[in-house]
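The values are calculated or read from the model by the stated rules, or taken from the named source; none is laboratory data. Nothing here was measured: the structure is a model prediction, and the numbers come from that model. Here the Cβ positions follow ideal geometry from the backbone for every residue, glycine too, while neighbour counts run over all protein chains shown.
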Amino acid sequence: MIIQPKVRGFICVTAHPTGCAAHIQQQIDYVQHKGSPSGMPKRVLVIGASTGYGLASRIVPAFAGGAATLGIFFERPSENGKPASAGWYNSCAFEKAAHAKGLYAKSINGDAYSEAIKQQTIETIREDLGTVDLVVYSLASPRRTHPTTGVTCKSVLKPIGSSFTAKTVDTDRGVVSDISIEPANEQEIADTVSVMGGEDWEMWISALSEAGVLAPGAKTVAYSYIGPDLTWAIYRNGTIGRAKEDLEASAKRIHNSLSGLGGAAYVSVNKALVTQASSAIPVVPLYISLLYKIMKERGLHEGCIEQVQRLFAERLYNGASPQLDDAGRIRIDDWEMRPEIQAAVAALWPSVTTENLPQISDIVGYREEFLRLFGFGLPGIAYDAEVDPAVPLPCASA
C-alpha cells in the first residue's frame, strides 16, 4: 500500500515503516559519530521505549556503549492491512539495527502499568541478562489502570486554582488564537497524578529490587519538564506539574531505597521538544515554534537524541556524580533556559500572530519534526511507492 500522512488534531494516525527506519538510522549515525564514552551501562531496561526520549534512551547506550537493551511499550502492530503505529516501526528498526551490530535487543509489548508485564520483564531479565544496571522510566500515556484497585484514571491538561487564557497555535493551519481552559477539580488533579506521577516508577523499582534483578550500583532515571513562565500556568503550576512534583518525590524515595545497593535515582529535566506528548499540550507548540527559531539561530538546538546523548555522556556516566539543581534534579534543559534564550522568546510572544507566524517562528520546522515522528519527510524515501505495512518485531513478547 501507499502510506501518506493523515493528521488528526495533535496526532498522525498513519506511520511509514521505511521512513521510521530511516529516522532511527539518523539517530544511530549521530550517536556513533559522537563516540563511546567510558563507563556506559551494559544492561539497560527502558520503560516506555518506542518514541521520543525513551527511544533515544535505547539508542544511546546500545550504539554508544554496546549495551544490551530491553524495551517495554504498548504499540499497535499492522492489522487488516493498516499501518502499525510509529512506535512499533521504530522498535522494529531499532532491533534490526541492534542485531546487525551483534547486540542484544528484545521488546515486550503490553501495558507497562500492569503487574503481568512487570513480572514478564523480570523473568526476561533473569533468563537473558541476569541483572540490569540502568532503568529508564519514560512512560507517556493518557490513562492508567491501577494494578491493585483496577480503577482506570485519565490525565487532564488543565490549570489549577483558576482559569487560564493564553495564545496557542493550530499547527496544521498555522492559526494563532487565544485558548481558555477551566481549572481542574480535585478528582482530575488526583487522576493526573495517578497517571503521570511517580507511583508506577516506584512500583517498577520495588518489583525489580525484590526480584533481585537490579545490579549493584544500578541507576534509574525518569524524565520531566519545567519550562518557562509562558507555559507555567498550564504546565508546572497545572495538573501535569502536580504530577511531576509527585515524580520528584518518588525519586527521593527510590534513591533512598537503592542506597543499600550503591545505586541512585534521578529526575532529568529535559528540553521542550516536538513529541507526541508535547503536541497535545495547549500553548506549548507555539512556544516550541518560537524557541526552535531562537535556538537554531544560535546553534543551540537539540532533539531527543542529542539531549539523551549529552545526558548520558556528560551527566549520568561522566565518571562523577551528576551536578544537581537545588531540588536535586539533573538539568539537561540548561541551554533552553539560558536567560538570553528565554528573553528572546518572551520578546516575540506578545507580537506573534497568524499573519507573522511563518516569519518570526519556526512553524515549518515544527511541522517537519512532527511528521518525522511518524516516518514522513525523510530524505531518500519514495513515499509514492508501495510498501508493506506488516513489519514484525524480531524479538517481541506480547
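Here is how the numbers come out for the structure above:
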| item | result |
| --- | --- |
| Residue within segment 13-31 that is more than 28 Å from Asp388 (Cα to Cα), β-branched (Val, Ile, Thr), touching a residue at least 60 places away in the same chain (Cβ under 8 Å) and in contact with a strand residue (DSSP E or B) (Cβ under 8 Å, 6 or more places away or on another chain) present | no |
| Tally of residues being in a loop (DSSP other than H, G, I, E, B) and within 22 Å of the chain's Cα centre (by Cα) across segment 205-237 | 9 |
| Count of residues meeting criterion [within 23 Å of Tyr89 (Cβ to Cβ), touching a residue at least 60 places away in the same chain (Cβ under 8 Å) and surrounded by fewer than 21 Cβ atoms within 10 Å (Cβ to Cβ)] in segment 32-45 | 0 |
| So Glu202, is it within 19 Å of the chain's Cα centre (by Cα), assigned to a helix (DSSP H, G or I) and surrounded by fewer than 19 Cβ atoms within 10 Å (Cβ to Cβ) | no |
| Residue within segment 85-98 that is under 23 Å from Val46 (Cα atoms), surrounded by fewer than 20 Cβ atoms within 10 Å (Cβ to Cβ) and either modelled with pLDDT of 95 or more or of a type in the set (Gly, Ala, Ser) (or both) present | yes |
| Ser268, sole failed condition from (1) modelled with pLDDT under 95; (2) touching a helix residue (DSSP H, G or I) at 6+ places or on another chain (Cβ under 7 Å); (3) among the hydroxyl-bearing types (Ser, Thr, Tyr) | (1) |
| Residue check for Ser36: closer than 21 Å to Val13 by Cβ and hydroxyl-bearing (Ser, Thr, Tyr) | no |
| Hey, Val135 touching a Lys or Arg at 6+ places or on another chain (Cβ under 6 Å) and closer than 30 Å to Leu261 by Cβ or not | no |
| Helices (runs of 4 or more DSSP H) within segment 284-398 that include 3 or more residues buried (at least 17 other Cβ atoms within 10 Å of the Cβ) and among the β-branched types (Val, Ile, Thr) | 284-297 |
